[in-house]
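This report refers to the structure that appears directly beneath it.
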Amino acid sequence: MRFSPMRPAVRTSSGPDPRMAEAADAFSRSQSPHPKDPFMFDIEIERPEHGPAIEALLDLSFGPGRYAKTAQRLREGNTAIPELCYVAHMGEGENRHLIGSLRFWPVNIGGVPGLMLGPLAVVPMLRGQGCGINLMRRGLADAKAMGYRLVILVGDEPYYVKVGFGPVPPGRLTMPGPVDPSRLLYRELDIGAFGHAHGAITKPAPKSPEAEPQVAVS
Ligand SMILES: CC(C)(COP(=O)(O)OP(=O)(O)OC[C@H]1O[C@@H](n2cnc3c(N)ncnc32)[C@H](O)[C@@H]1OP(=O)(O)O)[C@@H](O)C(=O)NCCC(=O)NCCS
């Protein structure tokens with residue numbers, strides 16, 4: 001699906017990463033003949049070849065501190081859900097550039113199997129055009145269709161309220177490290193799911209070998 005926001009793209013600094021600078025230049029060139037053309041992007045499922053561009057975008061967006069965040073404790077040793085990892089691109093052919101990324105991770109939310117949303121990032125020069133919101137709308141719709149009932153994240157409430165997130169009541173859920181309580185947010189995909197969530201947010205329990213089907217060896 002392609003998105004064509006109503007507002008023209010906002011140009012800001014392209015940041016220090018050369019790949020982002022290249023994307024900024026390509027965008028600038030593509031815009032120069034028709035400066036009033038709307039910026040368009042499309043969303044697809046992440047593939048392995050997107051990895052380096054995603055890493056560059058996350059480094060640019062969060063800096064080295066991205067690995068120190070408490071949410072990272074829930075990603076280490078965990079695996080993002082492939083069907084719920086997305087990239088946004090703009091342009092065609094050689095001028096096609098990755099401009100956004102969103103991943104979802106399996107977590108146990110105080111006893112309720114659910115998801116953690118993030119990281120979410122959009123290239124600086126193309127922020128404010130609806131890419132972040134559309135990545136989340138797609139992901140939340142797919143997650144609901146897959147049967148997930150509850151999503152949490154750590155982020156700015158004034159932004160995430162736009163896609164239905166609200167603050168976790170103080171003391172209701174705990175993260176595996178320090179988090180500003182006002183930034184711990186949740187969204188139900190199934191009405192009433194949050195009512196069952198109390199306690200620690202943890203990584204899913206590792207699958208025990210005993211739980212795997214056993215093959216008799218004779
Ligand atoms: C946060 C981020 C993903 C938003 O992506 P985006 O594509 O610019 O977002 P959208 O265009 O879909 O939404 C823009 C709207 O959200 C608002 N918004 C963006 N960030 C916001 C924030 N932190 N707090 C409140 N509102 C915010 C904008 O003002 C705009 O509002 P408007 O539509 O009323 O004008 C992007 O700014 C980014 O990559 N930031 C750096 C990484 C980051 O902080 N990620 C989130 C971690 S919590």
For Met116, other-chain or 5+-apart residues with amide H closer than 5 Å (H placed, Pro excluded) are Trp105, Val107, Ile152
Which value in Å is the Kirkwood Rh of segment 93-218 over different Cα pairs? 16.3
Once phi is turned into θ = phi - 60°, what whole-Hz ³J(HN,Hα) does the Karplus curve with 6.51, -1.76 and 1.60 give for every residue of segment 97-108, x standing for Gly and Pro? 9, 6, 10, x, 8, 8, 10, 10, 10, x, 9, 9
Find how many whole Å separate the alpha carbon centroid of segment 98-164 from the alpha carbon centroid of segment 62-81. 15
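Quick note: the coordinates plus some simple rules give every number you see, no bench work behind them. All values reported here derive from a predicted model rather than from experimental measurement.
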